[in-house]
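Derivation of every value follows stated rules applied to the coordinates shown; laboratory data play no part. Given the structure is predicted, the values throughout are model-derived calculations rather than measurements. Don't worry about glycine lacking a Cβ; one is built from the backbone with ideal geometry, like all the others, and counts go over all protein chains shown.
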Amino acid sequence: MKLHITKTKGADIREGMMGLFFEDINYGADGGLYAEMMENRSFEFRKTTGINNASTPEYDGGYGWSKYPANSPFVAMEYHTFHPLTEENPHYLHVKTTRPDSGFSNKAYDGIFLKKNEEYRVSFYMNALSYTGDIMVLVEKHEDVFLRGTVSVSGKCNGWKKYELVLKAVADVDAAAFHILLSNPGEVEFDCISMMPCSAVCGVFRKDLADLLKDIKPGFLRFPGGCVIEGATLENRYQWKKTVGDITKRKANWNRWATHMNGEANNFTSAYAHYNQTLGIGFYEYFLLCEYIGAKAVPVVSVGLACQFQSEELVPVDSPEFMEYMQDALDLVEFANGDVTTTWGALRAEMGHPEPFGLEFIGIGNEQWETEKVDFFRRYTIFEEEIHKKYPEIKLIGSAGPDVHTERYEAAWNFYRKAVKENKEFTYAVDEHYYMPPEWFFANTHFYDEYSREIKVFSGEYAAHPKRLGGMRSANTLEGALAEAAFLTGVERNADVVIMASYAPLLAIVGYVQWAPDMIWFDAKTAYGTPSYYVQKMYANNMGSYTLKMTPESGTEELEGKKLYANASYDEKTGEIILKVVNAGNEDVVIDLSTEDAIQSGTAVCLSGPDLYAYNTIEEPHKVTAKEWQLTQDECRQLVLPAESFKVYRFTV
């Protein structure tokens with residue numbers, strides 16, 4: 001088979017087109033990207049049962065904590081609010097021991113993982129009351145101690161005081177226990193107990209996960225949702241102003257995903273009932289993460305609608321409460337971009353970043369759509385008017401709802417297209433979401449060919465959902481990844497209309513999963529990329545400046561007839577032709593390649609695995625992976641495409 005890449009320019013490709021979407025789902029923040037190792041560090045967790053807007057969060061501040069020794073009659077633990085460390089998180093632990101070397105332990109999700117010679121920062125606030133003696137911090141397993149530190153206390157303490165220790169692990173260990181012990185009998189109060197690896201990126205992010213994100217070289221990062229921004233109820237929504245400032249004052253919130261999949265069969269509760277948000281990754285940390293991974297921020301704000309899948313709760317647009325939502329959006333821009341003389345810019349500076357973050361985008365709502373009861377279009381219009389009145393430079397992202405091929409999707413596009421005719425700045429791009437079987441992605445590589453170019457598209461959430469495999473609800477198989485790669489050839493070919501694209505969800509911790517598949521999986525000690533991760537990385541690392549036409553003109557269709565999907569682009573910075581090719585068939589294919597200028601050299605990256613249904617696991621993290629090598633001259637002219645593979649070529653001409 002022959003393929004010729006011409007010099008004829010196609011669509012310009014927006015720099016940073018491929019990005020990421022991070023929502024706190026599957027314990028992606030607390031227990032995941034947030035490097036905090038303690039669970040329920042401030043004794044504020046809630047246990048949430050029920051379903052949808054009938055969810056019932058009940059205080060369960062002792063969750064994750066227990067007596068040490070276990071069930072000891074010589075230890076009493078109570079949770080008080082008499083003289084709180086902060087009003088926002090008023091509960092604290094009052095512990096009384098009547099025997100030496102007794103105290104309490106933390107569950108720490110699935111236990112503590114330590115690396116030999118790595119340092120860890122343990123901190124806590126303590127009110128020693130009238131206690132005299134040592135406070136000992138231990139990490140142990142089977143009576144072997146892997147980390148130890150001591151604070152000495154003498155006499156009466158005058159209120160809360162922060163203590164901090166930097167401790168080194170003496171050996172590797174996983175699933176270990178964390179204890180705080182009193183050397184003598186006595187009464188002591190504790191709050192905000194923290195343990196963080198000193199290797200945490202920006203002092204916040206788990207390094208292996210943050211670096212997996214950075215390696216993608218994403219152009220943007222959408223945050224915080226997703227359904228989290230809407231909340232199961234409006235009270236439960238993600239409120240950015242409660243996520244900034246001192247972490248002790250960030251009011252803990254129960255996670256909207258705590259009740260996912262609840263029903264009569266499980267008595268409306270599940271293992272995720274204690275899924276909470278400490279908000280250690282708040283909006284300040286989000287902007288820091290964007291800087292670290294080199295991505296532009298795309299924050300999403302609430303428009304006064306609870307999650308439409310779960311609730312009809314809303315704030316009327318003619319109410320003062322609605323304008324508070326509006327003001328939150330305006331203040332977010334000030335927090336990100338305002339100078340240090342502004343209210344929110346001053347807070348940003350106080351937190352350690354006097355320079356503006358340079359926010360350019362805001363998403364107005366998540367998966368919102370118009371109904372007889374929900375006036376989303378009016379809400380969007382008000383937000384657009386108010387934001388652009390004060391910040392005309394901010395680019396707004398609209399919502400087309402949760403799916404495509406539906407009446408609500410068509411209604412949304414009709415709304416935006418009509419409005420843009422009168423005001424071209426009304427919408428920068430419309431956010432589309434699709435979670436479909438692999439077959440849909442293969443069949444829709446031309447999805448955007450006939451789209452109107454007057455409004456751009458943000459493909460904000462997408463993933464191929466393969467069939468169930470064994471105990472996996474929906475594994476990240478090679479088949480799903482190839483389907484996504486094939487679909488993205490059409491997205492890239494139509495880069496003049498699709499200007500941003502991000503897979504979802506991003507992170508999932510093994511054993512705590514509400515939604516699958518996910519791009520990156522991890523446990524306490526290991527993190528790995530899925531086949532879908534490699535597709536995103538191969539794309540984001542290999543985006544040209546503009547697409548190139550291939551001949552014959554029907555070349556794309558001819559390829560697809562053989563289960564081949566391809567697109568070519570040119571990188572003006574490096575002077576290279578980039579060719580992406582998916583071979584979804586079960587036989588190897590050889591393509592005779594020609595270009596208008598002779599190819600001097602080339603490299604290739606190939607994603608493949610043992611079969612279409614292969615996927616990576618903690619035990620086999622590289623079962624499906626991408627490999628890169630330098631091409632010979634023969635390999636530059638004759639492209640060998642292995643069966644069931646995705647290949648990216650870079651040719652120097």
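Select from Thr526, Tyr503, Thr489 the residue farthest towards the positive end of the dipole of region 470-530; place +1 on Cβ of Lys and Arg, -1 on Cβ of Asp and Glu, and compute about the Cα centre.
Thr526
Treating only the Cβ of Lys, Arg, Asp and Glu as charged (+1, +1, -1, -1), what charge dipole size does the chain show about its Cα centre? Round to the nearest 20 debye.
Values: 63 positive and 93 negative charges, 211 e Å.
With Lys and Arg at +1 and Asp and Glu at -1, about 1020 debye.
Please rank Val204, Val317, Val581, fewest neighbouring Cβ atoms within 10 Å first, as an exposure proxy. Each step should come with its number before you reach the end.
On the way: Val204 22, Val317 17, Val581 26.
Result, fewest neighbours first: Val317, Val204, Val581.
Under unit Cβ charges (Lys, Arg +1; Asp, Glu -1), what dipole magnitude, rounded to 20 debye, does region 414-552 have relative to its Cα centre? Walk me through the numbers before you get to the answer.
Working: 13 positive and 15 negative charges, 9 e Å.
Using only the charged Cβ atoms, the result is roughly 40 debye.
Excluding residues fewer than 8 places away in the same chain, name every one of the lysines whose C-alpha is closer than 29 Å to that of Lys156.
Within reach: Lys67, Lys96, Lys249.
Kindly write out, for region 511-519 in residue order, the coupling ³J(HN,Hα) from the Karplus curve 6.51 cos²θ - 1.76 cosθ + 1.60 (θ = phi - 60°), rounded to whole Hz, with x marking Gly and Pro.
3J(HN,Hα) across region 511-519, in whole Hz: x, 10, 9, 9, 8, 8, x, 9, 6.
Within 10 Å of each residue's Cβ, count the other Cβ atoms and sort Lys573, Lys7 from fewest upward.
Values: Lys573 8, Lys7 12.
Placing the least packed residue first, the sequence is Lys573, Lys7.
Across region 608-615, in residue order, what do the Karplus-derived ³J(HN,Hα) couplings come to in whole Hz, using 6.51 cos²θ - 1.76 cosθ + 1.60 with θ = phi - 60° and x for Gly and Pro?
Taking θ as phi minus 60°, the curve returns 7, x, x, 6, 4, 9, 6, 8 Hz for region 608-615.
About its Cα centre, how strong a charge dipole does region 46-197 have in debye, to the nearest 20, once Lys and Arg get +1 and Asp and Glu get -1 at the Cβ? If you can, show how the numbers build up before the last one.
On the way: 15 positive and 19 negative charges, 33 e Å.
With Lys and Arg at +1 and Asp and Glu at -1, about 160 debye.
Can you find, among Pro621, Asn586, Leu607, the residue sitting farthest towards the positive end of the charge dipole of region 527-653, where Lys and Arg contribute +1 and Asp and Glu -1 at Cβ?
The residue sitting farthest along the positive end of the dipole is Pro621.
What nm distance separates the two modelled labels at Asn117 and Asn541, each placed 7 Å from Cα along Cα→Cβ?
Modelled inter-label distance: 2.8 nm.
Tell me, how many Å apart are the Cα centres for region 310-349 and for region 528-600?
Region 310-349 and region 528-600 have Cα centres separated by 44 Å.
For a quick check: sort Phe268, Phe223 by the number of other beta carbons within 10 angstrom, fewest at the front. Kindly include the intermediate steps, with their values, before the conclusion.
Values: Phe268 17, Phe223 29.
Ranking Phe268, Phe223 by Cβ neighbours within 10 Å, fewest first, gives Phe268, Phe223.
What are the residues whose amide H is under 5 Å from the amide H of Tyr68, where those residues sit 5 or more places off or on another chain and H is modelled from the backbone?
Gly103, Phe104, Ser105
Provide the gained length on full extension for the span Arg637 to Glu164, in nm with one decimal, where the gain is 0.36 nm per separating residue minus the Cα-Cα distance.
Values: separation 473, 0.36 × 473 = 170.28 nm, distance 6.18 nm.
So the extension gain works out to 164.1 nm.
Going by average Cβ density within 10 Å per residue, which order do the peptides 457-466, 380-389, 534-543 take, highest to lowest? Before the final figure, lay out the partial values.
Working: 457-466: 24.5, 380-389: 17.2, 534-543: 22.8.
For the peptides 457-466, 380-389, 534-543, the packing ranking is 457-466, 534-543, 380-389.
Using a basic spin-label model with each label point 7 Å from the Cα along Cα→Cβ, how many nm lie between Asp571 and Leu129?
6.4 nm
Here are some pairs, Lys525/Lys623; Lys162/Lys251; Lys241/Lys467; Lys525/Lys563; which of them have Cα atoms lying more than 29 Å apart in this structure?
Numbers: Lys525/Lys623 18 Å; Lys162/Lys251 19 Å; Lys241/Lys467 41 Å; Lys525/Lys563 39 Å.
Going by Cα-Cα distance, Lys241/Lys467; Lys525/Lys563 fall outside the 29 Å limit.
Once the other residues with Cβ under 15 Å from the Cβ of Arg148 are scored (Lys, Arg +1; Asp, Glu -1), what is the net sum? If you can, show how the numbers build up before the last one.
Numbers: positive: Lys116, Arg121, Lys141, Lys168; negative: Asp101, Glu118, Glu119, Asp134, Glu140, Glu143, Asp144.
Taking every other residue near Arg148 into account, the sum is -3.
If the cut-off is a Cα-Cα distance under 16 Å, which lysines reach Lys395, setting aside same-chain residues fewer than 8 apart in sequence?
Once the sequence-local lysines are set aside, what remains near Lys395 is Lys296, Lys424, Lys456.
Over region 390-446, what is the relative contact order in whole percent, taking alpha-carbon pairs under 8 Å and six or more residues apart? Kindly include the intermediate steps, with their values, before the conclusion.
Values: 51 pairs, mean separation 25.1, N = 57.
Rounded, it is 44 percent for region 390-446.
Select from Ser199, Val137, Tyr163 the residue farthest towards the positive end of the dipole of region 88-212; place +1 on Cβ of Lys and Arg, -1 on Cβ of Asp and Glu, and compute about the Cα centre.
Tyr163
Normalise the Cα radius of gyration of the chain by 2.2 N^0.38 Å (N = residues in it) and let me know the number.
Numbers: Rg = 26.6 Å, N = 653, 2.2 N^0.38 = 25.8 Å.
Computed over Cα atoms of the chain, the ratio equals 1.03.
Using Cα-Cα distances under 8 Å and only pairs 6 or more residues apart, what relative contact order does the chain have, in percent?
Reported relative contact order: 16 percent.
Pick out, in residue order, every one of the GluC sites (Glu not before Pro) in region 57-164 that is DSSP loop and has at most 12 other C-beta atoms within 10 Å; say none if there are none. Walk me through the numbers before you get to the answer.
Working: sites: Glu58, Glu78, Glu87, Glu88, Glu118, Glu119, Glu140, Glu143, Glu164; in loops: Glu87, Glu88, Glu118, Glu143.
Passing sites in region 57-164 are Glu87, Glu143.
Between Asn267 and Lys525, how many nm apart are label points set 7 Å from Cα along the C-beta direction?
Label-label distance for Asn267 and Lys525, simple model: 3.5 nm.
Going by the alpha-carbon gyration tensor, a ≥ b ≥ c the square roots of its eigenvalues, is region 46-197 rounded (a/c under 1.5) or, if a/c is not under 1.5, prolate (a/b greater than b/c) versus oblate? Let's see the in-between values first.
Numbers: a/c = 1.62, a/b = 1.13, b/c = 1.44.
Oblate, because a/c is 1.5 or more while a/b does not exceed b/c.
Relative contact order for region 538-653 using alpha-carbon pairs under 8 Å, separation at least 6, rounded to a whole percent?
Values: 225 pairs, mean separation 37.1, N = 116.
Value for region 538-653: 32 percent.
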